[in-house]
1. Only counting other Cβ atoms within 10 Å, I'd like I200, I165 sorted with the fewest neighbours first.
2. Could you identify which residue out of A20, A98, A268 has the top mean-square fluctuation in a GNM of the chain using Cα springs shorter than 10 Å?
3. Take the alpha-carbon centre of segment 12-32, take the same for segment 222-272, and report the distance between them in whole Å.
4. Shape verdict for segment 35-126, please, from the Cα gyration tensor: rounded (a/c under 1.5), prolate (a/b greater than b/c) or oblate.
5. May I ask you to sort R115, R305 by Cβ crowding, counting other Cβ atoms within 10 Å and putting the fewest first?
6. Summing -39500 (n - 2.57) over the DSSP H runs of n ≥ 4 in the chain and dividing by its residue number, what mean residue ellipticity at 222 nm do you reach, to the nearest 500 deg cm²/dmol?
7. Using Cα-Cα distances under 8 Å and only pairs 6 or more residues apart, what relative contact order does the chain have, in percent?
8. Give the angle, between 0 and 90 degrees and rounded to the nearest 10, that separates the Cα long axis of helix 217-258 from the longest principal axis of the Cα atoms of the chain.
Amino acid sequence: MPKLPSKEYWEARSERTLIANEKSAMQYEKDLKKAYQATITRITKEIESFYGRYAKENKISLADARKSLTPNELMDFNQQSKLYLDEVERLGDKAFTAEYKSYLKELSGKAYVSRIEELTANIRHNIETLSTGYNIGLGQTLQDAYLDGFYRTMFDVQKQAGFGISFTTPGGKQLEMAIKERWLSQNYSDRIWADKNKMIIQLEQMLSQEFVRGRNPREVSKDFADKMNTSYYNAQRLIRTELNYISNKGSMKAYAESEVVDRYQYLATLDNRTSDICRELDGKIFDLKEAKVGVNLPPLHPHCRSTTIPYFEDDEIGDLIEDRVARDEDGAGKSYKLGKDVTFFEWVEQYGSPEYKKRVAEQRKRFLEMDKKPRIKKAPAAEKKEES
């Protein structure tokens with residue numbers, strides 16, 4: 001009979017998964033931070049240019065901001081709007097939202113455009129471009145995390161069972177659907193667009209308020225930078241939470257694909273940052289078919305670090321494996337002995353898809369380089385009480 005998976009093994013595996021997700025998050029957050037900083041710089045330049053053209057004594061009244069563009073200014077603005085629209089058309093519907101496309105078409109067809117509408121349009125395009133890149137980048141990061149969760153869980157199940165069992169690698173439309181599936185009524189794109197829309201609303205409100213208050217360009221730019229930085233912190237929370245979700249989803253797919261895992265055990269990271277709800281569920285066992293995100297499957301809250309491990313009774317794993325092996329031998333599938341010393345990377349080289357093998361090699365190299373660099377100092381635990 002195959003050896004029963006020890007909880008210590010799966011707890012160690014959980015720790016490795018947590019570390020891998022942390023590294024993936026840090027890697028993507030680093031790129032996203034650069035994109036936010038570049039966007040803040042461009043918005044600052046837009047504000048400075050606006051004040052350079054229309055300010056009197058470094059101030060602009062709301063009445064002056066609402067004045068219509070001159071015919072020459074309107075011509076220049078229409079040309080700029082067409083460039084924005086061309087960019088939207090080139091990238092297609094999967095990038096910018098249809099609402100933004102309609103906004104640009106309506107704006108470019110207006111006979112009169114105010115100065116404040118011009119500034120709003122220029123700043124908004126920078127926010128839309130940032131959000132589009134964020135959406136595309138996070139989507140790819142989540143696809144990678146889903147595959148990591150699937151492959152690493154499948155390997156761990158096989159290694160502990162002592163048998164390799166045939167499986168179908170998720171990819172194509174199946175992978176895309178897994179990433180885009182909504183949980184708690186939204187998917188990652190919905191959440192990104194919701195934050196973007198919030199920034200757009202704040203943009204329109206802020207500009208009028210800034211001009212009423214008689215703020216200078218430096219003060220206006222700082223206020224926008226503060227809003228953008230808040231958006232970035234929201235993005236960090238979203239990235240960590242979505243990575244936890246999709247990694248656990250990949251694991252659940254592997255459980256089902258293995259055909260030997262019918263139940264799973266909730267596993268929380270127990271420390272002073274563990275939430276009460278995750279601490280309460282730690283160690284509880286659930287049927288695979290009853291898994292529900294936010295109820296008994298992580299994440300249960302933003303920044304959730306909990307995961308799952310497969311659960312077997314003492315006397316059932318042997319029968320499950322033998323039954324699966326027998327079905328593989330009678331059908332089109334196949335099974336094979338799996339040595340106890342085989343590593344994940346050796347297993348991927350033999351059984352992973354060509355695309356995944358290439359990505360794992362690249363990821364392994366990046367992670368090794370990250371390990372050589374000093375880690376970013378985390379915020380005090382007291383400020384992260386809600387995390388788990």
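1. Lowest to highest Cβ neighbour count: I200, I165.
2. A98
3. Here the answer is 10 Å between Cα centres.
4. Oblate shape, in that a/c is at least 1.5 and b/c is the bigger or equal ratio.
5. R115, R305
6. It lands at -22500 deg cm²/dmol.
7. Taking the mean separation of contacting Cα pairs over the length of the chain, I get 23 percent.
8. 20 degrees
Values quoted throughout were computed directly from the atomic coordinates according to the rules given, and no laboratory measurement underlies them. Quantities reported herein were computed from a predicted structural model and do not represent experimental measurements. Cβ: placed from backbone, ideal geometry, glycine included. Neighbour counts: every protein chain shown.
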